[in-house]
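Please read the structure below before turning to the comments.
The values are calculated or read from the model by the stated rules, or taken from the named source; none is laboratory data. What you see is a predicted model; the values in this text were computed from it and never measured. As a convention, Cβ positions derive from the backbone with ideal geometry for all residues, glycine included, and neighbour counts pool all protein chains shown. Protein only, heavy atoms only, side chains kept; ligands, DNA and RNA dropped before computing areas. Shrake-Rupley method; radii C 1.70, N 1.55, O 1.52, S 1.80 Å.
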Amino acid sequence: MLEDKYRDMERIRKRWEEHAKRYDEWYETFEGAVEHHVDWELLKGNLPQNRDAKILDAAGGTGRITLPLAKMGYSVTLCDISPGMLSVARKKLLREGVLDKVEILECDVCQLRFADESFDFVLCWDSGIEAAEELIRVTKKGGKISVFLINKCGAAISKFREDPDSALTLLRSESNYVYHHEEKQMAVSVEEATELFEKEGIKVIEIYAVCGMLEPLSIPEKVQESRHWDEKLFRQVTEMLLRLSKEPSVKGLSRHLVLYGERI
Ligand SMILES: C[S@@+](CC[C@H](N)C(=O)[O-])C[C@H]1O[C@@H](n2cnc3c(N)ncnc32)[C@H](O)[C@@H]1O
């Protein structure tokens with residue numbers, strides 16, 4: 001069992017090592033810039049008021065979120081299993097003059113090397129559900145947590161064309177797992193995520209629908225992939241997605257959910 005877990009981790013690490021130099025490029029496309037804007041707007045409203053707050057960006061990769069947080073003055077700890085992703089982050093932080101605001105560590109989110117209640121805010125925008133217990137352990141009581149989750153309905157919808165049996169297995173709750181790039185990931189509904197985190201001592205503030213919402217808007221692929229766009233369209237699309245992210249009737253459609261909660 002442990003050996004399987006170790007092998008899986010190695011495969012995940014290898015995949016991100018190969019991806020590290022290109023990861024940020026996707027955020028230069030219309031689709032990536034829209035998703036980043038939506039992620040950031042939702043996060044901004046939940047950040048600690050006090051700029052001395054300590055923030056953990058777990059599985060933080062190339063520092064997409066660490067960088068703007070450090071620029072705002074927060075002290076950030078960035079951790080990830082991929083040295084390549086962290087190396088890209090280090091260069092960006094150095095270039096932007098905020099490397100001194102950030103501690104960078106190579107570590108697994110499921111085995112964090114921090115004392116209980118070390119951080120005022122903990123975000124984990126990958127593998128969050130597997131690491132839930134650890135993430136909550138290092139969050140101060142009264143502090144907040146933000147976790148990306150695989151959305152069960154969204155995963156079933158996107159899986160259906162390639163593998164209808166797996167899609168239906170998910171929706172029937174016969175399994176809660178999906179495979180993405182050979183990685184086994186747990187998928188949950190809004191209700192399951194709420195129950196799971198509340199059982200662990202988190203008061204759920206909100207669960208938003210994020211990622212993969214451009215398809216229902218029928219934004220042409222050419223526009224999604226383009227690196228130059230009409231600013232008015234960008235504003236309209238991001239406003240649509242921000243409004244839809246909070247709309248219970250469409251939450252099933254997104255690829256990911258992002259949960260915000262408070263440790264009680
Ligand atoms: C999709 S990227 C997200 C990076 C960043 N959170 C963001 O939103 O831009 C996923 C990251 O999670 C990291 N990762 C995956 N499993 C991990 C684990 N068990 N512990 C630490 N990092 C992990 C990968 O190395 C990769 O950098």
Can you tell me which residue is least open to solvent (accessible area, probe 1.4 Å) among those in segment 20-49 that are away from the ligand (no atom under 13 Å from the Cβ) and charged (D, E, K, R)? Glu31
Only one of (1) within 12 Å of the ligand (Cβ to nearest atom); (2) open to solvent by less than 70 Å² (accessible area, probe 1.4 Å); (3) not aromatic (Phe, Trp, Tyr) fails for Glu17. Which number is that? (2)
Picking from Asp80, Asp8, Asp52, the residue that is open to solvent by 30 Å² or more (accessible area, probe 1.4 Å), among the acidic types (Asp, Glu) and under 23 Å from Lys140 (Cβ atoms) would be Asp52
Expected output for segment 228-251 (first residue in a helix (DSSP H, G or I), partner among the hydroxyl-bearing types (Ser, Thr, Tyr), Cβ below 9 Å, 6+ apart or cross-chain) is Leu242/Tyr208; Leu244/Ser254; Ser245/Tyr208; Ser245/Ser254; Lys251/Ser189; Lys251/Tyr208; Lys251/Ser245
Test: residue in segment 239-259 that is closer than 30 Å to Asp8 by Cβ and among the polar types (S, T, N, Q): yes
Looking only at helices (runs of 4 or more DSSP H) that fall completely inside segment 1-91, which ones have 3 or more residues that are under 23 Å from Ile205 (Cβ atoms)? 30-44, 66-71
In this structure, is Met72 of a type in the set (A, V, I, L, M, F, W, C) and open to solvent by less than 30 Å² (accessible area, probe 1.4 Å)? no
